[in-house]
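Here the structure comes first, spelled out in structure tokens, and everything after it is commentary.
The values are calculated or read from the model by the stated rules, or taken from the named source; none is laboratory data. This is a predicted model, so every value here is computed, not measured. These accessible areas exclude ligands, DNA and RNA; they are computed on the full protein's heavy atoms, side chains included. Shrake-Rupley method; radii C 1.70, N 1.55, O 1.52, S 1.80 Å.
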Amino acid sequence: MNEKITAFLNSGLLEKYLIGDTTSAETEQVESFISKYPDVQNAYNSLQHNLEIVTKTNAVEAPKFILDNILAELDEKPVVNLNAKKKYKSWYKYTIAASFVAFIFAGTSFSFYNQNIKLSKENQVVVDEIFDLRSDIEQNNIMLDNVMRQLLKLNNPETEKYIISGNARAKDLKTVAYINPKEKTSMIDVVSLPKLPEEQCYQIWADLQGQMVSLGILNETDRKLMNLPYAENALALNITIEPKGGNTVASVENSVAEITLH
């Protein structure tokens, strides 16, 4: 292959001619080389084949009105059909134009798809937040209902109030017991409990004619009104310090508070 042909093939004119991007002078030059030199003809045929593969592989049907507009624009430019090769070249021009439109359309569609996915995720976040808010409202309504029920019990004329204060071993201990013999309910308001070592806890007992019955453990971190088992005919309430987890038998020697019931 002589230097002239090599320089021509390296100039990029053959590729420009294939997609219809050459001037009239460049077109004449390319067609002259194709007709004169077999190497150039072979290179041209190879480019045609490769271009066809590319366009078919990447082709995506574009909206008809976009393609029509581009073809109309191309039709306004003068095309001199000198021979069959120019017709073939024009066909490739349309194919390339359609392919480019397809790329643009595909990119736009992908962008819309991503935006739609993002919007869907944002909508899901809003839905989740609404669901969480509804759950919070339902939980708050349940809590409010429980509070109202407790207030009704506390304000019941039949409910008796007992203030239980700590002795010298637990001076800051203070609880309030609410007992309703008619409805057979009892609650305790843990106002303050002195901190204990981790291996110990406070336990409340009902004195049933000398027998101590456990009513539960009072947690020093639990500062709220809590229900207690109702002890029929209890004579007194007693709070003791017991091993962590509670005890089955009251450690009377570790009593820190006691109140006699009427």
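When you work out D = kT/(6 pi eta Rh) for segment 1-52 at 4 °C and 1.567 mPa s, using the Kirkwood radius from C-alpha pairs as Rh and the Stokes-Einstein form, the result is 118 µm²/s.
Accessible surface calculations at 1.4 Å, restricted to protein heavy atoms, place segment 182-246 at 53 Å² per residue. When a/c reaches 1.5 or more, the comparison of a/b and b/c decides; with that in mind, is segment 212-262 rounded, prolate or oblate per its Cα gyration tensor? Taking the square roots of the gyration eigenvalues as a ≥ b ≥ c, segment 212-262 is oblate. For segment 159-262, the orientation-averaged shadow of the C-alpha convex hull comes to 6.0 nm² (one quarter of the hull surface). Checking the table Lys174/Lys195; Lys161/Lys182; Lys153/Lys174; Lys153/Lys182; Lys161/Lys244; Lys161/Lys184 against a 19 Å threshold on Cα-Cα, which pairs fail? Among Lys174/Lys195; Lys161/Lys182; Lys153/Lys174; Lys153/Lys182; Lys161/Lys244; Lys161/Lys184, the Cα-Cα distance tops 19 Å for Lys153/Lys174; Lys161/Lys244.
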